[in-house]
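The values are calculated or read from the model by the stated rules, or taken from the named source; none is laboratory data. On a predicted model such as this, the values are computed, not experimentally measured, just so you know. Cβ atoms come from the backbone with ideal geometry, glycine included; neighbour counts cover every protein chain shown. Heavy atoms of the whole protein, side chains included, go into the accessibility calculation; ligands, DNA and RNA do not. Shrake-Rupley method; radii C 1.70, N 1.55, O 1.52, S 1.80 Å.
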Amino acid sequence: MLLIMDTAIINVALPSVGQDLGSGSAGLSWVANAFLITFGGLLLLGGRAADLLGHRRVFLGGLGVLGVASAAGGAAGSVGVLVGARAVQGVGAAFAAAAAFALLLNLFPDGPDRHKALGAFAAMGGLGGVLGTVLGGVLTDLLTWRSTFWLNVLGALLLAVLAPRFLDGDTRSAERGFDIGGALTATAGLGLVAYGLVGAGEAGWTSARTLGAFAGGLVLLGAFAVLEKRIAHPIVPPAVLRRPTLRLANCLSAMAQMALFPMFFLVSLYLQSVLGQTPLYGGLGLLPLSLAVVVTAPQTGRLIRRLGLRATMTLGFALLFVGMLWLALALAAEGTFLSTVLAPSLLLGVALPLVMVTTNVAATAGAAPGETGLASGLINTSQQFGSVLGLAVLVAVATARTDALGATGAVDETAGFKAALLVGAVFAACAALLTFRLRLPAPASAPPHQDRFGGAPE
């Protein structure tokens, strides 16, 4: 909730940041991009570090970095300092997010309890979107954009106080030894690929900067793959990546984000640039979708029990396809929020937790107790890179379609948004077809289960 809230708040606060610090759109884009690059590049390392060093320890360390960086952002006197603070925020967020997900997996062994917990996890993400959208506008208007960063500090402090009380401090893998070479090559490789993706919209897909980042990232990831086969304690054991269910679930999770994450951006942009709404009301236009997520997510476990995991996943991606297609066809230059966005966004709010919870369940179903951090790092990395790749591709489609029409009026902008959302619908349709290939592994041995938070193992 804290991380999703932070992302939503920043999106609302960016125009005020630009006015206060005297920055144009290029500088402001890196306030968001700096976070995405470090966050995406370090999730895998954060998850494996949590396995080896202890999940609660890494969780608290990530929160500490996030809190300090947020304080630096709140006190920043220039865009350069703010971008640096956002990059460090991404570091802390990567370690905290990967460890948090692993802690949840350790608390609830695979089965109905975990499905219910993952539904609650998704609901908190939806609630974070609601709070971020509302608080971003309120805090920016009443207390300036700097208060949005200090809210992160308060949130991190609260979680840091609660964690020792409710979370087990002795959950770590018995394996020893840390793969320094793998950690460096994986982190640098993923970071360069993320840099190439987030910069592609600004510099162009065929620019020297973008191609150089991609090439460097792929070379480092290739070196990472070679290293992992030759050392005794790899950060990602090759045997883990050979699990077909894990590979497919991570791919499906990435494809879900390739459709969903750009949709939020495109709808907000449509409401502001075409329908003429303010940034605050543009953000509030996504409030019904977020509320639908909060309502639906806790029921996902019940659906999985009734229909089965694969059927629920297929249903989620089918609803995602229909919602994206409906939204694309409904957009109109002379439309209103009620006539274009509301109904399809509610359907997408139902689809989102179904696809996210089911792909998370499938991706972590075969994880042994000592692999929960690794499984968390892999699924979080897949989602993050799906988000970044989807945004880069769909924004490029929207821009190309608008430019091809030779004008920048509301009708042409709407045509660009419609084209991008149709591509997102194609991603969802392909994912729905791929769900039929899903085969769940045999259940992994369950760790000791806690009958309550902070209680003794059974």
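Residues in the stretch 328-346: is at least one under 30 Å from ASN106 (Cα atoms) and open to solvent by less than 20 Å² (accessible area, probe 1.4 Å)? No, there is no match, as no residue in the stretch 328-346 is under 30 Å from ASN106 (Cα atoms) and open to solvent by less than 20 Å² (accessible area, probe 1.4 Å). Scanning the stretch 262-277 for residues that are more than 25 Å from PHE385 (Cβ to Cβ), of a type in the set (S, T, N, Q) and assigned to a helix (DSSP H, G or I) yields a total of 2. Listed by position, the helices (runs of 4 or more DSSP H) contained in the stretch 175-261 that have at least 1 residues being in contact (Cβ under 8 Å) with a residue 12 or more places away in the chain and open to solvent by 40 Å² or more (accessible area, probe 1.4 Å) are 180-203, 208-228.
Among the residues of the stretch 386-403, those that are without any contact (Cβ under 8 Å) to a residue 60 or more places away in the chain and either among the β-branched types (Val, Ile, Thr) or outside any helix (DSSP H, G or I) (or both) comprise VAL397, THR402.
For the stretch 61-79, does any single residue satisfy the condition of being open to solvent by less than 10 Å² (accessible area, probe 1.4 Å), touching an Asp or Glu at 6+ places or on another chain (Cβ under 9 Å) and within 26 Å of THR300 (Cβ to Cβ)? No, there is no match, as no residue in the stretch 61-79 is open to solvent by less than 10 Å² (accessible area, probe 1.4 Å), touching an Asp or Glu at 6+ places or on another chain (Cβ under 9 Å) and within 26 Å of THR300 (Cβ to Cβ). Considered as a group, the residues in the stretch 17-54 that are of a type in the set (Ser, Thr, Tyr) and crowded, with 19+ Cβ neighbours inside 10 Å include one that is farthest from VAL198 (Cα to Cα), and that residue is SER23. Taken across the stretch 35-47, residues that are within 25 Å of ASP141 (Cβ to Cβ), of a type in the set (A, V, I, L, M, F, W, C) and assigned to a helix (DSSP H, G or I) do occur, with at least one present. Can you pull out every residue in the stretch 90-119 that is closer than 21 Å to GLN384 by Cβ and either among the acidic types (Asp, Glu) or open to solvent by 20 Å² or more (accessible area, probe 1.4 Å) (or both)? Listed by number, the residues that qualify are VAL91, PHE95, ALA100, LEU104.
Quick check on my filter: what residues within the stretch 409-457 are modelled with pLDDT under 50 and either β-branched (Val, Ile, Thr) or in a loop (DSSP other than H, G, I, E, B) (or both)? Scanning the stretch 409-457 gives ALA444, SER445, ALA446, PRO447, PRO448, HIS449, ASP451, ARG452, PHE453, GLY454, GLY455, ALA456. For the stretch 385-419, which residues satisfy the criterion of being of a type in the set (S, T, N, Q), farther than 18 Å from PHE214 by Cβ and open to solvent by less than 40 Å² (accessible area, probe 1.4 Å)? THR402, THR414 - these are the residues of the stretch 385-419 that are of a type in the set (S, T, N, Q), farther than 18 Å from PHE214 by Cβ and open to solvent by less than 40 Å² (accessible area, probe 1.4 Å). Scanning the stretch 215-248 for residues that are modelled with pLDDT of 90 or more and of a type in the set (Phe, Trp, Tyr) returns no hits. Just so you know, in the stretch 370-384 the residues that are open to solvent by 10 Å² or more (accessible area, probe 1.4 Å) and over 14 Å from THR359 (Cβ atoms) include one that is farthest from the chain's Cα centre (by Cα), and it is GLY370.
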